[in-house]
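**Q** Mind having a look at this structure? Questions to follow.
The values are calculated or read from the model by the stated rules, or taken from the named source; none is laboratory data. Everything numeric in this text was worked out from a predicted model, so none of it was measured. Cβ coordinates were reconstructed from backbone atoms using ideal geometry, including for glycine residues, and neighbour counts include every protein chain displayed.
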Amino acid sequence: MPEVPTSEQLETFANQYPERDYVIEIVCPEFTSMCPKTGQPDFGTITYTYTPDKLCVELKSLKLYLQRFRNEGIFYENVINRLLDDFIKACRPRKLKVVGAFTPRGGITTTVTCVYEARMG
């Protein structure tokens, strides 16, 4: 049975410049999951754009976390919301945008975007 992806699988390291706002963009062009209705594979590019606070995500752990979706039956909208939630739990960024640009299926291209901004105060 495949391992279910969780936020605990995302490793982090200390941000060396927590006093500064800067943006990190991570592009993951080989994302794969499964359509829960048809069981067919879905392919897409996941892009994380975030402003770290105290922590940054470690890239190898992110890659392994994303690979765990390969056999997961999940709709595009759900997967992008879950990626956002898990990243927030692991890193607590100041800002985060997760975009899933999925390859065409039946002549239809789908892009899903989720955005988060930490509340100050």
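**Q** Going by the structure shown, is TYR22 part of a loop (DSSP other than H, G, I, E, B), in contact with a Pro (Cβ under 9 Å, 6 or more places away or on another chain) and without any contact (Cβ under 8 Å) to a residue 12 or more places away in the chain?
**A** Considered against the rule, which asks whether it is part of a loop (DSSP other than H, G, I, E, B), in contact with a Pro (Cβ under 9 Å, 6 or more places away or on another chain) and without any contact (Cβ under 8 Å) to a residue 12 or more places away in the chain, TYR22 comes out as no.
**Q** Based on this model, can you work out whether ARG105 counts as within 20 Å of GLY39 (Cα to Cα) and at pLDDT below 95?
**A** The answer is yes for ARG105.
**Q** Right, next: Does PHE31 satisfy the criteria of being over 27 Å from ALA118 (Cβ atoms) and at pLDDT 95 or above?
**A** For PHE31, the condition - over 27 Å from ALA118 (Cβ atoms) and at pLDDT 95 or above - is not met.
**Q** Within the set of pairs 6+ apart or on separate chains, which have a first residue in segment 43-68 that is closer than 16 Å to GLY100 by Cα and of a type in the set (Ser, Thr, Tyr), a second that is in a helix (DSSP H, G or I) and modelled with pLDDT under 95, and C-beta atoms under 7 Å apart?
**A** Matching pairs, first to second residue: TYR65/GLN9.
**Q** Would you please name the residue that is surrounded by the fewest Cβ atoms within 10 Å (Cβ to Cβ), looking only at residues in segment 30-56 that are among the β-branched types (Val, Ile, Thr) and within 24 Å of GLU72 (Cβ to Cβ)?
**A** Here the answer is THR38.
**Q** Filter segment 1-24 down to the residues that are modelled with pLDDT of 95 or more and over 18 Å from LYS89 (Cα atoms) and list them by number.
**A** Those that are modelled with pLDDT of 95 or more and over 18 Å from LYS89 (Cα atoms): GLN16, TYR17, GLU19, ARG20, ASP21, TYR22, VAL23.
**Q** Restricting the search to segment 4-19, which residues are loosely packed, with under 14 Cβ neighbours inside 10 Å, not charged (D, E, K, R) and not in a loop (DSSP other than H, G, I, E, B)?
**A** PHE13, ALA14
**Q** Related question: With the condition kept exactly as written, say whether any residue in segment 99-110 is under 19 Å from THR6 (Cβ atoms), surrounded by fewer than 17 Cβ atoms within 10 Å (Cβ to Cβ) and not small (Gly, Ala, Ser).
**A** So far as segment 99-110 goes, no, none of its residues is under 19 Å from THR6 (Cβ atoms), surrounded by fewer than 17 Cβ atoms within 10 Å (Cβ to Cβ) and not small (Gly, Ala, Ser).
**Q** Cβ-Cβ under 9 Å, sequence separation 6+ or interchain: first residue in segment 85-96 and within 13 Å of TYR48 (Cα to Cα) and assigned to a helix (DSSP H, G or I), partner of a type in the set (Gly, Ala, Ser) and at pLDDT below 95. Which pairs?
**A** If the second residue must be of a type in the set (Gly, Ala, Ser) and at pLDDT below 95, the pairs left are ASP85/SER7; ASP86/SER7; PHE87/SER7; ILE88/SER7; ILE88/ALA118.
**Q** Something else about it: Going by what's in this entry, would TYR76 be described as of a type in the set (Phe, Trp, Tyr), out of contact with any Cys (no Cβ under 7 Å at 6 or more places or on another chain) and under 18 Å from VAL23 (Cβ atoms)?
**A** No: the conditions fail for TYR76.
**Q** Filter segment 57-83 down to residues that are of a type in the set (A, V, I, L, M, F, W, C), under 14 Å from CYS28 (Cβ atoms) and buried (at least 16 other Cβ atoms within 10 Å of the Cβ) and give me whichever is nearest to the chain's Cα centre (by Cα).
**A** So, considering only residues that are of a type in the set (A, V, I, L, M, F, W, C), under 14 Å from CYS28 (Cβ atoms) and buried (at least 16 other Cβ atoms within 10 Å of the Cβ), the one nearest to the chain's Cα centre (by Cα) is LEU83.
**Q** Here are some conditions: (1) surrounded by fewer than 17 Cβ atoms within 10 Å (Cβ to Cβ); (2) in a helix (DSSP H, G or I). VAL27 meets all but one. Which one does it not meet?
**A** Going through (1) surrounded by fewer than 17 Cβ atoms within 10 Å (Cβ to Cβ); (2) in a helix (DSSP H, G or I) one by one, VAL27 breaks only (2).
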